[in-house]
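The values are calculated or read from the model by the stated rules, or taken from the named source; none is laboratory data. Owing to the predicted nature of the structure, the values given are computational and were not obtained by experimental measurement. Cβ coordinates were reconstructed from backbone atoms using ideal geometry, including for glycine residues, and neighbour counts include every protein chain displayed. Only protein heavy atoms, including side chains, enter the accessible area calculation; ligands, DNA and RNA are left aside. Shrake-Rupley method; radii C 1.70, N 1.55, O 1.52, S 1.80 Å.
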Amino acid sequence: MKIFYSCLEDYDMAIDDFILEYETFPLIEKDEKHICDYCKESSAYRLRKMEDVADHSDDMV
Ligand SMILES: [Zn+2]
């Protein structure tokens, strides 16, 4: 499962690419510790699939 990183400027492009790849809207989180996938500047956001966030929901049963 790929996580998309993007800076502020490439944010729209990252969302488009994410939707193309996964056919779902990404969960968007702030992340300034990585590198933008598009311009190699510092990232501002990371985009990932919603389901990955709910991975631990079984533990709560
Ligand atoms: Zn960028």
field: Qualifying residue in the range 30-47 (condition: open to solvent by less than 50 Å² (accessible area, probe 1.4 Å), assigned to a loop (DSSP other than H, G, I, E, B), modelled with pLDDT of 95 or more and in contact with a Leu (Cβ under 8 Å, 6 or more places away or on another chain))
entry: yes
task: Select from the range 1-29 the residues that are open to solvent by 50 Å² or more (accessible area, probe 1.4 Å) and more than 13 Å from the ligand (Cβ to nearest atom) and list them in ascending order.
output: M1, K2, I3, D16, I19, L20, E21, E23, F25, I28
